[in-house]
1. Find all pairs meeting these conditions: Cβ atoms under 7 angstrom apart; at least six residues apart or on different chains; first residue within segment 444-461 and in contact (Cβ under 8 Å) with a residue 40 or more places away in the chain and over 12 Å from F399 (Cα atoms); second residue open to solvent by 30 Å² or more (accessible area, probe 1.4 Å) and among the β-branched types (V, I, T).
2. If you scan segment 1-42, which residues turn out to be among the aromatic types (F, W, Y) and either part of a helix (DSSP H, G or I) or not assigned by the TED database to the domain that holds Y81 (or both)?
3. Return the residues of segment 155-165 that are hydrophobic (A, V, I, L, M, F, W, C) and within 9 Å of the chain's Cα centre (by Cα); say none if nothing qualifies.
4. Condition first: surrounded by fewer than 16 Cβ atoms within 10 Å (Cβ to Cβ) and of a type outside the set (G, A, S). Now tell me which residues in segment 469-491 satisfy that.
5. Restricting to segment 198-214, name every residue that is without any contact (Cβ under 8 Å) to a residue 40 or more places away in the chain and open to solvent by 20 Å² or more (accessible area, probe 1.4 Å).
6. Picking from D379, D427, which residue would you name as being modelled with pLDDT under 95 and of a type outside the set (S, T, N, Q)?
7. Can you name the condition, by its number, that T52 falls short on among (1) modelled with pLDDT of 90 or more; (2) of a type in the set (V, I, T); (3) in a loop (DSSP other than H, G, I, E, B)?
8. Go through segment 368-392 residue by residue and tally those that are within 27 Å of F441 (Cα to Cα) and outside any helix (DSSP H, G or I).
Amino acid sequence: VSGPARLLAFTVALRTLNCFFVQTSFVPDEYWQSLEVAHRMVFKYPWRSNETCWFNFSLSILNINNYGYLTWEWTHGLRGYSYPLIFASIYKALQLSGMDDVKLLIWVPRLAQAVLAAFADVKLYSLVHHLENAETAKCVYFCQLCSWFTWYSCTRTLTNTMETLLTIFALYYYPIKGSKVGSSCKYLALVALAIIIRPTAVIPWIPLVFRHFLQEQKKADLILHNYIPVGLVTIGTSLIIDRVFFGEWVLVQLNFLKFNVLQNLGTFYGSHPWHWYFTQGLPVILGTHLPFFIHGCVLAPKRYRIFLMTVIWTVLVYSMLSHKEFRFIYPVLPFCMFFCGYSLKHLKAWKKSAASCLLLSNLLPALYTGLIHQRGSLDVMSHIQQLCNDSYQSQASVFILMPCHSTPFYSHVHCPLKMRFLQCPPDLTGNESYIDEADVFYSNPVGWLNKEFHDDTLLPSHLIFFSVLEQEISSFLALRGYEKTATVFHTHVPQGRVGSQIYIYRKKT
């Protein structure tokens, strides 16, 4: 593929295909911190606010005149509305054009993310073309396209994905020796936007911005003409957007920092040993790119050491936090791809064989994780959607008896179906004996269900749960007249409360 227009067209086509080849769930934030918030922002609550609550459904949801649900992060001001506003704009456009079909609400945001990912891929190619040459740029571009983790993540509506894409765009304008397109104002604006969307974006940019500041001769001008204006405009815009939707002044970036770093409350969602990113995190997301990355780090000229320093610094900082996830270090993957491409270019006689090996070894994990692993969470939503079309929609009600946020919610149903799930907000009051609803349920499922639904009129019409729970609650299901109506495959590697299949039970009428 040659020529800027043809390269872009090819990349957009590939990422569009990529989008449709990712039909699995990754983490709850993919929906709960973006699409669910956007859906609630746009579509108004269709029931009367004084209507009786359905089996202890949270009254606060009825009082906000929207149908949907905001997780605890939003009620405590840890998340900002800037990112969901992008998807809310898409939803509003679909609503105004009368095209707010549930399929379009699911796929159009994903496709928008895919197109943006394609532009980022081309920007990465252009950056290396400016810094090195066309051959190296092609190798880096190839490594980026055949990365299984990029394929798995780049079309998802995650703040980590947008953080990564904005990092690539900012890197393109970063003033590094040899760059002909460096622009302090542009790269700083993109970095600031990334920080507004996800405050952790500041981490990889600390060494880069510090290096730029040290090398800049006119330091006062950089502060007065770039740092201060860019900072004021982005923080001001973020504050105004959040003021509109929160109804009060909230500095979400500060709240995010307090919770995740100063209080380290992220451990509520699990903790890992300090070395996890070095022994598992980075090796897994790099996959078979790892030897190329190491080789590229050895070969690359001194002027690119800042990229390697960025990778090491970021992984070290995240290693100090107890709660760790693969997606947290996704933003350093483009830096790694630079070194992988540099390695591939210098393999000369072995280049074609190495490229073939990279492509084939990444193809299987990309297809497996994109099409098979953890697909039940999304597939089950199509079964719930069917309840919206049934004549007894007003009588239908769904209870998702799964680890909280296992599935999307109204953004993937788009009708005023009565739905509930087990909740698990962390305790922010310091109560050491606190146990969330999901943990209370799993400690004694039958006892909890009998207590919650002591009156048969409160029973939901449909129960959805993982296969591992079936045996435990079988007596409740039989006694209350539930029958299995569907079995949905989820994963080949069930763990703990997550089963290999999802069951849908319906109450006999």
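1. none
2. Start the filter on segment 1-42 by keeping residues that are among the aromatic types (F, W, Y), which leaves 10, 20-21, 26, 31-32.
The answer is F10, F20, Y31, W32.
3. Keep residues of segment 155-165 that are hydrophobic (A, V, I, L, M, F, W, C), which gives 158, 162, 165.
Within segment 155-165, L158, M162 meet the criteria.
4. E470, Q471, E472, L479, E483, K484, T485, T487, F489
5. Result: V202, V209, F210, F213, L214.
6. Values: D379 fails: modelled with pLDDT under 95.
Just one listed residue meets the conditions, D427.
7. Answer for T52: the failing condition is (1).
8. At the first step, the residues of segment 368-392 found to be within 27 Å of F441 (Cα to Cα) are 373-385, 387.
Applying the additional criterion that residues be outside any helix (DSSP H, G or I) yields 373-375.
Number of matching residues: 3.
The values are calculated or read from the model by the stated rules, or taken from the named source; none is laboratory data. As the structure is a prediction and not an experimental result, all values here were calculated from the model. Every residue, glycine as well, gets a Cβ built from its backbone with ideal geometry; the counts of neighbours run over all protein chains shown. Calculation scope for accessible area: heavy atoms of the full protein, side chains included, ligands and nucleic acids excluded. Shrake-Rupley method; radii C 1.70, N 1.55, O 1.52, S 1.80 Å.
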